[in-house]
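Notes for the one structure printed next.
The values are calculated or read from the model by the stated rules, or taken from the named source; none is laboratory data. Here the structure is a predicted model, which is why all the values come from computation and not from measurement. Please note: Cβ atoms are built from the backbone with ideal geometry, for glycine as well, and neighbour counts cover all protein chains shown.
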Amino acid sequence: MAKTKLTTVDSLSFQDLTEDADLIPLMTPEDEDAMNKEDLPQVLPILPLRNTVLFPGVVIPITAGRDKSIKLINETNQGNKVIGVVSQKEEAKEEPEIQDINRIGTVAQILRVLKMPDGNTTVIIQGKKRFELNEVITTDPYMTATIQEVAEARPARDNEEFKAIIDSIKEMALEIIKDSPNIPSEAAFAIKNIESTSFLVNFVSSNLNISVAEKQKLLEINDLKDRALETLRYMNLEIQKLSLRQDIQSKVESDISQQQREYFLQQQMKTIQEELGGNSSEAEIEEMRSRAKTKKWDASIKEHFDKELAKMQRMNPQVAEFSIQRNYLELILDLPWNEYSKDKFDLKRARKILDRDHYGLEDVKKRIIEYLAVLKLRNDMKSPILCLYGPPGVGKTSLGKSIAEALGRNYVRMSLGGLRDEAEIRGHRKTYIGAMPGRIVQNIKKAGTSNPVFVLDEIDKLSMGHQGDPSSAMLEVLDPEQNNDFYDNFLELGYDLSKVMFIATSNSLSSIQPALRDRMEIIRVSGYTIEEKVEIAKKHLLPKQLKEHGLTKAHLKIAKPQLEKIVEGYTRESGVRGLEKQIAKMVRYAAMKIAMEEPYEVKVTNEMIIEVLGAPRMERDKYENNEVAGVVTGLAWTSVGGDILFIESILSKGKGQLTMTGNLGKVMKESATIALEFIKSNAEKLGLSPDIFEKYNVHIHVPEGATPKDGPSAGITMLTSLVSLFTQRKVKKSLAMTGEITLRGKVLPVGGIKEKILAAKRARIKEIMLCEDNRRDIEEIKPEYLKGLTFHYVKDMDEVLDVALTNQKVKNAKKL
């Protein structure tokens, strides 16, 4: 049972009825009998009701708003005051026809008509008998129709079962009135004082909290007992709903009061923050929500963000997790999801930029142009993972900037030197205090696009700590088949790195994990020749240093001969970092003179170079003469490029012992042992007496004892040194060599050929001896690098000795 609303044509509540004592519906059995004996007219004006059903004996007020309804009520009120009331099938129907109303209705007596202040007409009616529509006679100015009374079957007054049903209806009605706050207490008074069983059933049915269609079904039940049972069923459902509602309210009452308290405190805190000029959490959340509308992310990411934002909205801003959640959402918003810069496919322009910024490095430039060409044709390509491998100072890192400019992409750089925590790559889980995303994701956020040129500097310097292995974490980053869904522990979402162009730099490949090295395309960046260093100094290093020191070209000029002197006398590296330092000294000298207003030579001379930089320090790189037996020039590879080394050997009276000095590694010592044993086994072929090896001790020394040396490439150098020593024959002038030897007399190929060739040119070497298998390495080198060099390719030790030794004896040759 519920309080009903007043609409255009509707019923009033118990409270509205009880405001006038004359309208309290207290029908007696006698009144009911008298009403049943009344005859119905054959034709009645029909009044459709929108949202209520009139039951016999029940008094309800209705408000007439339609013109036809008002005219019907006014005319009928002047006559016999009897009308037919039926309910509409659809409430929204404004002008109902015969098919839009129910066939079963109730004959009603107009009790009172009231003119309301708003212009509407309110009429109070009482139901009499049920009827059925037969035929519509007129529809204008209102509907009239012939009707037929519908008989109602009633049980005998002494029927015990029916009495029990009526008692149950009263009890349940009183219980519903008691538990329902929407029904006034006056309704209980009406229920208790109803004596007519038929009227009680109709009165309760009229006030049930059910739909119009369900009430119409109750009205259409001809048997009063069946109608009472159906009414009882609806009342039982209402009691169950009320009981469930009370249980829920009792359970949430304490929670609601706590939430209200928190809400009140949060509103106070919000007001305080606004007074202090800060932003409230609601303002932050709204700002995040508006920013999210501009993102180009996928549906799954949007769903995840909305879920996390709702989680933040439920949090108390004072708890520690609130700031973590805010930082997390800000990271998601700051990341450039599906935002890509447009690649520039002008290959000629790209080539000009690469040539402008870097002199030489033809292999690298060629690879970048190839990448651009394929990208231009396909317009969709997974970015390659390039690894620039070479000595320090050759421009590997700065090459990344030029590549980014040539492609028209953003540029970011991440230094990996000494990194030993896996979380630096993958991030921390955001449940930890101080959790942060990995540096990969941080740099993508810094780049602002999802396809930058990303330089991973010093990838060979990754180390392993107790926090995990960072190089293993890099496997997913640098695998083109996996990095389209890179998982960061803090982000907790897959991020697409497949469009990122990763460029790793490395000084050595030996320290890179094999699985990681396999995922990269290795591009070797060798050192520079003297001529290249001079050009780099002229075009790049000198202008850069002048600009950094606040000078112009007019303040200092260094010609090519002087640059060449600086290169030869003061640097010995493969790169140009040391050369830049020497040029910086010259520029600082000029800056000092200008600041002190002292005269100086604008055009640098050789004397000025010695004055500023001191005496040349790299003369030992020059080839030594061949007038001493046992001294041979070798070629070596170091982490800073190629270099030359001298192997010296000497004989002394003894019992044939072999000693070695010069900080040599195990492999290099084995090469000396192999060389000596080969000479012993081939003594007769070399013209040596076997007794020599028992009368003399052999000592081999490699200068620069402070520098560790190892590797097999000095094998033929040691062999030549020992044979020259035993035979006292001169070594060929301006000759350097590199190659590994075997005990059977074979010469094996070695690596680092280009670096060694550059070292030979710096030392003014004219001839170089290599293994035959190293010929292919020489063919890959640009011809201008090989200008002025003669190469001897050998297969065994006999060829080595034939080429390396002359038939001339050294001065003051010893007689053995």
### Query
Of (1) closer than 18 Å to residue 215 by Cβ; (2) at pLDDT below 90, residue 116 satisfies all except one. Which?
(1)
#### Entry: Pairs where the first residue, in region 731-745, is not assigned by TED's automatic domain parsing to the domain that holds residue 671 and the second is assigned to a strand (DSSP E or B), C-beta under 9 Å, 6+ apart
none
### Task
Taking the residues in region 296-317 that are within 17 Å of residue 267 (Cα to Cα) and in contact (Cβ under 8 Å) with a residue 24 or more places away in the chain as candidates, determine which candidate is surrounded by the fewest Cβ atoms within 10 Å (Cβ to Cβ).
316
### Message
Can you say whether residue 331 is assigned to a helix (DSSP H, G or I), surrounded by 15 or more Cβ atoms within 10 Å (Cβ to Cβ), in contact with a Pro (Cβ under 7 Å, 6 or more places away or on another chain) and modelled with pLDDT of 85 or more, as far as the supplied structure shows?
### Response
yes
#### Entry: Hits in region 560-589 (condition: within 50 Å of the chain's Cα centre (by Cα), part of a helix (DSSP H, G or I), within 16 Å of residue 529 (Cβ to Cβ) and touching a residue at least 40 places away in the same chain (Cβ under 8 Å))
566, 578, 579
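This table checks each residue for (1) at pLDDT 85 or above; (2) of a type in the set (A, V, I, L, M, F, W, C).
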residue	(1), (2)
536	yes, yes
544	yes, no
547	yes, no
555	yes, no
561	yes, no
568	no, no
571	no, no
574	no, no
582	yes, no
### Message
Can you tell me which condition residue 720 does not meet? The list is (1) surrounded by 14 or more Cβ atoms within 10 Å (Cβ to Cβ); (2) closer than 17 Å to residue 646 by Cβ; (3) without any contact (Cβ under 8 Å) to a residue 60 or more places away in the chain, and all the others hold.
### Response
(3)
### Task
Go through region 178-212 residue by residue and tally those that are within 60 Å of the chain's Cα centre (by Cα) and either touching a residue at least 12 places away in the same chain (Cβ under 8 Å) or buried (at least 20 other Cβ atoms within 10 Å of the Cβ) (or both).
8
### Qualifying positions in region 645-688 - assigned to a loop (DSSP other than H, G, I, E, B) and touching a helix residue (DSSP H, G or I) at 6+ places or on another chain (Cβ under 9 Å)
654, 655, 656, 662, 682, 683, 685, 686, 687, 688
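The rows are residues; the columns are (1) touching a residue at least 24 places away in the same chain (Cβ under 8 Å); (2) buried (at least 19 other Cβ atoms within 10 Å of the Cβ); (3) within 22 Å of residue 805 (Cα to Cα).
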residue: 642; (1), (2), (3): yes, yes, no
residue: 653; (1), (2), (3): yes, no, no
residue: 657; (1), (2), (3): yes, no, no
residue: 662; (1), (2), (3): yes, yes, no
residue: 666; (1), (2), (3): yes, no, no
residue: 678; (1), (2), (3): yes, yes, yes
residue: 690; (1), (2), (3): no, no, yes
### Message
Looking at the structure I just gave you, is residue 233 assigned to a helix (DSSP H, G or I), crowded, with 22+ Cβ neighbours inside 10 Å and charged (D, E, K, R)?
### Response
no
### Task
Residues being part of a loop (DSSP other than H, G, I, E, B) and either over 30 Å from residue 365 (Cβ atoms) or among the aliphatic types (A, V, I, L, M) (or both): count how many of those fall in region 408-437.
17
## Note on the structure
Checked 420, 426 against criteria (farther than 23 Å from residue 752 by Cα, touching an Asp or Glu at 6+ places or on another chain (Cβ under 7 Å), surrounded by 14 or more Cβ atoms within 10 Å (Cβ to Cβ) and of a type in the set (D, E, K, R)); the one match is 426
### Query
Taking the stated definitions as given, is residue 496 without any contact (Cβ under 8 Å) to a residue 24 or more places away in the chain and surrounded by fewer than 19 Cβ atoms within 10 Å (Cβ to Cβ)?
no
### Query
Do the conditions hold for residue 592, that is, is it outside any helix (DSSP H, G or I) and at pLDDT 85 or above?
no
### Task
Could you give me the residue pairs with C-beta distances under 7 Å whose first residue belongs to region 423-449 and is in the same structural domain as residue 483 (by TED's automatic domain parsing), whose second residue is of a type in the set (Lys, Arg) and surrounded by fewer than 17 Cβ atoms within 10 Å (Cβ to Cβ) wherever it lies, and which are 6+ apart or on separate chains?
435/429
### Summary
Residue hits (region 386-407; crowded, with 22+ Cβ neighbours inside 10 Å and assigned to a helix (DSSP H, G or I)) are 396, 399, 400, 402, 403, 404, 406, 407
### Query
If you go through region 749-773, how many residues are assigned to a strand (DSSP E or B) and within 50 Å of the chain's Cα centre (by Cα)?
0
### Summary
The residue from 122, 146 that alone is surrounded by fewer than 20 Cβ atoms within 10 Å (Cβ to Cβ), β-branched (Val, Ile, Thr), part of a strand (DSSP E or B) and modelled with pLDDT of 90 or more is 146
### Query
Among the residues of region 89-96, is there at least one that is under 13 Å from residue 47 (Cα atoms) and in contact with a strand residue (DSSP E or B) (Cβ under 9 Å, 6 or more places away or on another chain)?
yes
### Message
Being touching a strand residue (DSSP E or B) at 6+ places or on another chain (Cβ under 7 Å), of a type outside the set (Asp, Glu) and either closer than 29 Å to residue 507 by Cα or surrounded by fewer than 17 Cβ atoms within 10 Å (Cβ to Cβ) (or both) is true for just one of 412, 374. Which residue is that?
### Response
412
### Query
So is residue 9 part of a loop (DSSP other than H, G, I, E, B), touching a Lys or Arg at 6+ places or on another chain (Cβ under 6 Å) and at pLDDT below 85 or not?
yes
## Note on the structure
Among 485, 496, the single one that is touching a helix residue (DSSP H, G or I) at 6+ places or on another chain (Cβ under 6 Å) and among the acidic types (Asp, Glu) is 496
#### Entry: Residue identified as more than 16 Å from residue 52 (Cβ to Cβ), at pLDDT below 85 and surrounded by fewer than 20 Cβ atoms within 10 Å (Cβ to Cβ) among 80, 74, 134
80
### Message
Would you confirm whether or not region 495-517 contains a residue that is touching a Phe, Trp or Tyr at 6+ places or on another chain (Cβ under 8 Å), in the same structural domain as residue 387 (by TED's automatic domain parsing), farther than 21 Å from residue 357 by Cβ and not in a loop (DSSP other than H, G, I, E, B)?
### Response
yes
